[in-house]
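Encoded as structure tokens, the structure appears first; notes follow it.
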Amino acid sequence: MEKAVLIREDGTRVDGRRPDEMRPFRMEVGVLENADGSAYIEVGKTKIYAAVYGPKEAHPRHIAQPHRAVLQCRYHMATFSVSERKAPGMTRREHELSKVIREALESVLFLEEYPRSMIEVFVEVIQADAGTRTAGLTAASLALADAGIPMADLVAGVAVGKVAGKLVLDLSEEEDKNCEADLPVGMAPSINSIVLLQLNGRLTKEEFSEAMRLARKGIEVLYEHQKRALQKRFAAFGEVAE
Ligand code: ADP
């Protein structure tokens, strides 16, 4: 079978993007009535809801920690989120991504402010087209802010990949499936902290540095939109400080 052309002769990608261009995205905060905090994000064809409950009394009681809140996180892909029906239960991959997203969020949350309590984060992928862990993390951070849970900074994430020998920002699924390396990155930009970093494949030292530069560029754009989405949410309540 012939290999798909992922980078055209003019340097653009199959969907017409430049190597350092993100897919179109949008995000909205406070989209679910029944959760304490919520957010929705679309990145290309990827669509994700994030919902937060808490802080509330830890349940079951034996999981309670005397000096901090317990953060629980569930990343899940809906059965209809991919073209081949996905089994409804939690797969190994979903358990792994739940852990990776939880650890990324733990690094910015002030959990010690809520001893003996718990905070639950649900990341539900409605439609998957690559980049779901990073978009899920971006939405989860917004949902936590919407719930009023104090944190050192918002976090946002994007994946960088090596496709046909070239580094590209924000992989589409076609690129993700055919890439030589995939580097999902999550950052808390204002405190200059990397909260998620995984690498699938190989990169040289120089490529890694360039990939991190590209990731930061994408994350800073997402971060500005996160702040705007939160301002819009709180302006609706008339709560924006002068
Ligand atoms: P991420 O979504 O963070 O990029 P992966 O690299 O593991 O995570 O997955 C890339 C993409 O592959 C997903 O976004 C999704 O579009 C697709 N995918 C993952 N799991 C499945 C599955 N069980 N069935 C079909 N497609 C899947």
The simple spin-label model distance between Leu199 and Asp20, using points 7 Å out along Cα→Cβ, in nm, is 2.1
Which of the peptides 115-123, 22-30, 192-200 is most tightly packed, and how do the rest follow, going by the mean number of other Cβ atoms within 10 Å of each residue? 115-123, 22-30, 192-200
Segment 25-241: relative contact order from alpha carbon pairs under 8 Å, six or more residues apart, as a whole percent, is 21
Between segment 1-70 and segment 150-166, the alpha-carbon center distance in angstrom: 11
Using θ = phi - 60° and the Karplus curve 6.51 cos²θ - 1.76 cosθ + 1.60, what whole-Hz ³J(HN,Hα) does each residue of segment 111-120 get, with Gly and Pro shown as x? 5, 5, 6, 10, x, 6, 10, 9, 10, 10
What list of ³J(HN,Hα) values in whole Hz, one per residue of segment 130-141 in order, does the Karplus curve 6.51 cos²θ - 1.76 cosθ + 1.60 (θ = phi - 60°) give from phi, with Gly and Pro shown as x? 6, x, 6, 5, 6, 5, x, 5, 4, 5, 4, 5
If you plug each phi of segment 196-213 into the Karplus form 6.51 cos²θ - 1.76 cosθ + 1.60 with θ = phi - 60°, what whole-Hz ³J(HN,Hα) values come out, in order, with x for Gly and Pro? 8, 7, 10, 9, 10, x, 10, 9, 6, 4, 5, 5, 4, 4, 5, 5, 5, 5
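Per-residue counts of other Cβ atoms within 10 Å, averaged by peptide: what ranking do you get for 127-139, 52-64, highest first? Write down the numbers at each step before the final one.
Values: 127-139: 26.5, 52-64: 14.8.
Most protected by this proxy first, the peptides run 127-139, 52-64.
So which of Lys177/Lys232; Lys99/Lys232; Lys166/Lys232; Lys45/Lys166 end up more than 26 Å apart by C-alpha?
Values: Lys177/Lys232 36 Å; Lys99/Lys232 30 Å; Lys166/Lys232 37 Å; Lys45/Lys166 23 Å.
Pairs exceeding the cut-off: Lys177/Lys232; Lys99/Lys232; Lys166/Lys232.
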List every residue whose amide H lies under 5 Å from the amide H of Leu197, counting only residues 5 or more places away in sequence or on a different chain, with H placed 1.01 Å from N in the peptide plane. Gly186
Kindly list the residues of segment 9-50 that lie in the label zone of Ala236, defined by a backbone N under 11 Å from the point 7 Å along the Cα-to-C-beta vector. 28-33, 38-40
Going by average Cβ density within 10 Å per residue, which order do the peptides 70-77, 88-95, 211-218 take, highest to lowest? 70-77, 211-218, 88-95
Amide H neighbours of Met77 at under 5 Å, excluding residues fewer than 5 places away on the same chain, with H built from the backbone geometry, are Val125
Tell me, what are the semi-axes, in whole angstrom and largest first, of the equivalent ellipsoid of segment 163-242 as set by the roots of 5 times the Cα gyration tensor eigenvalues? 32, 14, 9
Computed label-point distance, nm, for sites Lys99 and Asp176 using a 7 Å Cα→Cβ extension: 2.0
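Summarise the long-distance tail of P(r) for the chain by giving the % of C-alpha pairs beyond 30 Å.
Working: 7622 of 29161 pairs.
Beyond 30 Å sits 26 percent of the P(r) for the chain.
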With axes computed from alpha carbons, what is the tilt in degrees of helix 92-106 against the longest principal axis of the chain, rounded to the nearest 10 within 0 to 90? 60
Output needed: percent of Cα pairs per 10 Å distance bin for segment 186-231, bins running from 0 to the one holding the longest distance. 23, 49, 21, 6, 0
Residues meeting the amide H criterion for Val160 (H placed from the backbone, H to H distance under 5 Å, 5 or more places apart or on another chain) are Asp170, Leu183, Val185
Using just the helices of the chain, give the 222 nm mean residue ellipticity in deg cm²/dmol: DSSP H runs with n ≥ 4 each add -39,500 (n - 2.57), and the total is spread over all residues, rounded to 500. -9500 deg cm²/dmol
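Any read-out appearing in this document is the output of simple, stated calculations on the displayed coordinates, not a laboratory observation. Every value quoted in this text rests on a predicted model; they were computed, and no experiment measured them. Please note: Cβ atoms are built from the backbone with ideal geometry, for glycine as well, and neighbour counts cover all protein chains shown.
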